[in-house]
Each structure stands twice: as structure tokens, then as C-alpha cells.
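Each reported figure results from applying straightforward, stated rules to the coordinates on display, with no laboratory input. Remember, it's a predicted structure, so these values are computed and weren't measured experimentally. With ideal geometry, Cβ positions are generated from the backbone for all residues, glycine too; neighbour counts draw on all protein chains shown.
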Ligand SMILES: *[C@@H]1O[C@H](CO)[C@@H](O)[C@H](O)[C@H]1NC(C)=O
Ligand SMILES: *[C@@H]1O[C@H](CO)[C@@H](O)[C@H](O)[C@H]1NC(C)=O
């Protein structure tokens, strides 16, 4: 049974090969696994996202698909019509090192966008004029190869969750998302962050989770962070980090403290003074 299946797959692969451009070079075309869910909402009269929003059962339609596709097919999947889509969640369990995709977010359509391991190298939020977005609440793009925050990210005013973990960011400026004052989760672990900076304008009153673990931070200054509800703060695996400037228990009363035996290079004198 197994060999029959395998033979079938082989024939299928060869079939694809003969139509794909890779056929010319003789190499079999690589297939990538995908799994996505998408919700289309035809009623677009509502404007901004609100806490507790659910697409109406009457006017919405859900599609779920899983399979293996060529790079061209994955690119086509990512070019879905955003005009009526409120949710798009994509993930893949393939090695996507050789898949190169990009994605452009259109204003005031999506409520939730997740592109996990999609080979994403470029993400942009290009809006006409000075329009802001007040719908996108969850932007999750983990396990891609993004080196910068998307241009236009400062226009996403309704963000509740921003997940850029497992990318290649080198720096992060909190000011860029300071307008999203309802942000609850900021997940930046497993990047290459050497700097994480803020100005007094970045007031993240609702933030409860901040993950900066597994980066390359040597210095970190919390003096300008306004995050009174911060509760879960991960900063382990920044091997050269010795202190966090401006950290006081009174400013972050809900954070439990730091592991003295952890994976940073804590200055123990400093550590005792803030626990
Ligand atoms: C995709 O391919 C993998 C092996 O390459 C296979 O195990 C899996 O069943 C395929 N998935 C689908 C949905 O066809
Ligand atoms: C460790 O921290 C203390 C208190 O913040 C400081 O006085 C001291 O110079 C630091 N030690 C080193 C080696 O940086």
C-alpha cells in the first residue's frame, strides 16, 4: 500500500515537474506544505474592530485548506482577496529557507493576520494618504526572514498582539507602535536584536507580555517604558546583558523578577537591588 502511494506521489511529482519552470533544469520542483484558514465577511458596513468582535454567521464563510504546493502556488495563496477577508491564518511545517514571499496589508480589512513560516522576506502596510487602520488586532508573522519592521506599521492603531518572533530584526523602536495603545502582547524572541529603544511617547498602558528573549541585547534601558501592567517579561538568552537601566520593582510591580542563575550575564549586585 505504502509503495503504491509512494509511486503515485512520484508520478504526481514528475507530472508537476514537466509543467514547472524547474523542468528545464531537470530538478524536481520543490513542494511546500501549507495549512490555512480564511474567513470572508461580506458585510463590511462596520468599520473599526471592537473587543469581542466575531464575524456574523449569516454573512461570513470559512475556508480551510491544507496541502503541498509549488512556490508559485504559495505566492498565489498569499495574494488572496483582502477586500472581504477578516481572518487569514497560514502556517507551514516545511523548511522554507528557499521560499521567498512578500505580503502587503491593505487598510481596514483584516482583523487577524497570521503568516507563520511562510518564507516572508518583505511585509508592508501601504496606505494611501494619511489613512490609519483601526481593524487589524493580531499581526503574527513568526518564523520568517523579516529584517525590518514593515513600513507603515505606525498606522495600525488597533493592534492587540504583535508577534515577530523567529525573524531577523536587528533593532526595535517602540515609538513605531506607540499609537497602538491597546497592545497587550509584543513578542520579539529569537531575533537578532541589538537595540530596543523607546521615547516618552510610547505609552503601552495595556501591555502585559513582552518577550525579548534569545536576542543579542548587550544593553537595555527601561527608563522610558510606560507599561504599568507588564506581567510577563522574558529577557533570558541575551548572553551579554548585565543590567536593565531604570528597572525598579515599583515601576513594574507585576513582573516576578529575574532568574539569578539564568542565561544572561547579570551583574549580581544590580540583580539583588531590583528583585
Ligand atoms: C504533503 O507532503 C508530505 C510529504 O512530503 C506528506 O506527508 C503530506 O501528507 C502531504 N500533505 C498533504 C495535505 O498532501
Ligand atoms: C554592578 O552593579 C552595581 C550596582 O548597580 C555597580 O555599582 C557596579 O559597578 C556594577 N559592576 C560591574 C562590574 O559593572
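Cut-off is 10 Å between beta-carbons; in what order do 234, 240 appear when sorted fewest neighbours first?
Placing the least packed residue first, the sequence is 240, 234.
Specify the inter-centroid distance of region 48-103 and region 159-189, based on alpha-carbon positions, in whole Å.
21
Kindly provide the helix-only [θ] at 222 nm of the chain, computed as the sum of -39,500 (n - 2.57) over DSSP H runs of four or more divided by all residues, to the nearest 500 deg cm²/dmol?
Helices in the chain give a 222 nm mean residue ellipticity of -3500 deg cm²/dmol.
Write down the percent of antiparallel bridges among all DSSP beta bridges whose residues are both part of the chain, to the nearest 5.
Once the DSSP bridges in the chain are tallied, antiparallel ones form about 35 percent.
Choose one answer from 237, 190, 64: the residue with the largest mean-square fluctuation in a GNM of the chain with alpha-carbon springs under 10 Å.
Greatest mean-square fluctuation among the candidates belongs to 64.
Exposure proxy check: 161, 62 ranked by fewest other beta carbons within 10 Å?
Final ranking by Cβ density, sparse to dense: 62, 161.
Of 207, 162, 224, which is the most mobile in a GNM of the chain whose springs link Cα atoms less than 10 angstrom apart?
With Cα springs under 10 Å in the chain, the top fluctuation among 207, 162, 224 is at 224.
What do you get for the angle between helix 2-19 and the principal long axis of the chain? Use alpha-carbon atoms, 0 to 90 degrees, nearest ten.
Helix 2-19 sits roughly 90 degrees off the main axis of the chain.
Please rank 164, 88, fewest neighbouring Cβ atoms within 10 Å first, as an exposure proxy.
The order, fewest Cβ neighbours first, is 88, 164.
Compute a Gaussian network model of the chain, connecting alpha carbons closer than 10 Å, and tell me which residue from 239, 79, 135 fluctuates the most.
79
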